[in-house]
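Comments concern the structure below.
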């Protein structure tokens, strides 16, 4: 399997936070959802990938190239969208196209204009007069108009209404029609990732907790919700994490079908990414 991004044992030390031996990959033809609570290390990892900050150790390869040594070649094939627009408010959409066509060797002006029409972005309106949703659409149009092989999205759908988020997700799925493309999508909106992601990478306190297929994660894991008496019957080794609540207990199990066979009287629900993340962060373990 070809990997568009590969991180191996990447470390970054700060006075109050450490990124510790982070390893994961983004396969070609896939969307990887990158999750974790605030301060877990998601943005730090993305900044390291983009060479905005320097790693202390480990390796990062993009398109098979070192992300520092071959930075210029890599970024010509890379589209990045952050949670805020960084275009100057006094510019217009046409100004952005004029600037970027002198930066990216593969800038496609007709494609850019097509996105502006598709998103109903007024060309003569100042960017500072755009809504948040319009600014995000402009950022995505700009990221896609030079025909990148890789998109990196850092909370790009945060704060947007469901209609605009749906439009953006459709556009990302369209981008993925080319099997050489890939997306690394950091988001707190895990329902978006459940719709489009192929893999989920979870970082907590600077460490990768798991890097798994989304379908494997959702369809094999389960959530047990039970009273204290039923909880007392469960072997703790059969639980990944658990959390005591006022009305009983909630627990994460790695293999819900096996758990149902062993404990037929205890209900096991399907697990969402939100619930899995919450129990890993807040739950107890054996």
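Derivation of every value follows stated rules applied to the coordinates shown; laboratory data play no part. On a predicted model such as this, the values are computed, not experimentally measured, just so you know. As a convention, Cβ positions derive from the backbone with ideal geometry for all residues, glycine included, and neighbour counts pool all protein chains shown.
Numbers below:
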read-out: Among 156-164, 248-256, 170-178, the order from most to least packed when residues are scored by Cβ within 10 Å on average; value: 248-256, 156-164, 170-178
read-out: Highest-first arrangement of 59-70, 197-208, where packing means the average Cβ count within 10 Å; value: 197-208, 59-70
read-out: Prolate/oblate/rounded label for region 1-118 (Cα gyration tensor, a/c 1.5); value: prolate
read-out: Cα-based helix-to-principal-axis angle, 132-144 vs the chain, degrees rounded to 10; value: 70 degrees
read-out: Percent of beta bridges antiparallel (DSSP, the chain, rounded to nearest 5); value: 65 percent
read-out: The chain: calculated mean residue ellipticity at 222 nm from DSSP helix runs of at least 4, using -39500 (n - 2.57); value: -9000 deg cm²/dmol
read-out: Approximate shape of region 52-94 as ellipsoid semi-axes (Cα gyration tensor, √5λ), whole Å, largest first; value: 28, 13, 8
read-out: Selected from 237, 146, 13 as most flexible by GNM, with the chain as the system and alpha-carbon contacts under 10 Å; value: 237
read-out: Degrees between helix 162-175 axis and first principal axis of the chain (Cα, 0 to 90, nearest 10); value: 80 degrees
read-out: FRET efficiency, residue 267 to residue 195 (Cβ-Cβ, R0 30 Å, nearest 0.05); value: 0.70
read-out: Nearest 10 degrees, 0 to 90: helix 109-118 Cα axis against the chain principal axis; value: 60 degrees
read-out: Contact order relative to length of the chain, as percent, for alpha carbon pairs under 8 angstrom and 6 or more apart; value: 20 percent
read-out: Relative contact order %, region 1-137, counting alpha carbon pairs below 8 Å whose residues are six or more apart; value: 21 percent
read-out: Taking region 88-192 and dividing mean pair separation by its residue count, relative contact order in percent (alpha carbons under 8 Å, at least six apart); value: 28 percent
read-out: Residue order, fewest to most surrounding Cβ atoms within 10 angstrom, among 7, 116; value: 116, 7
read-out: Whole-Å distance, taken between Cα centres, linking region 159-216 and region 229-283; value: 25 Å
read-out: Region 3-213: mean projected area of Cα convex hull, nm²; value: 11.3 nm²
read-out: Ordering of 15-24, 78-87 by packing [mean C-beta count within 10 Å, highest first]; value: 78-87, 15-24
read-out: Rounded if a/c under 1.5, otherwise prolate or oblate - region 221-282, Cα gyration tensor axes; value: oblate
read-out: Using a Förster distance of 25 Å, the FRET efficiency for residue 128-residue 212 (Cβ separation, nearest 0.05); value: 0.05
read-out: For region 137-238, average projected area of the Cα convex hull in nm²; value: 9.3 nm²
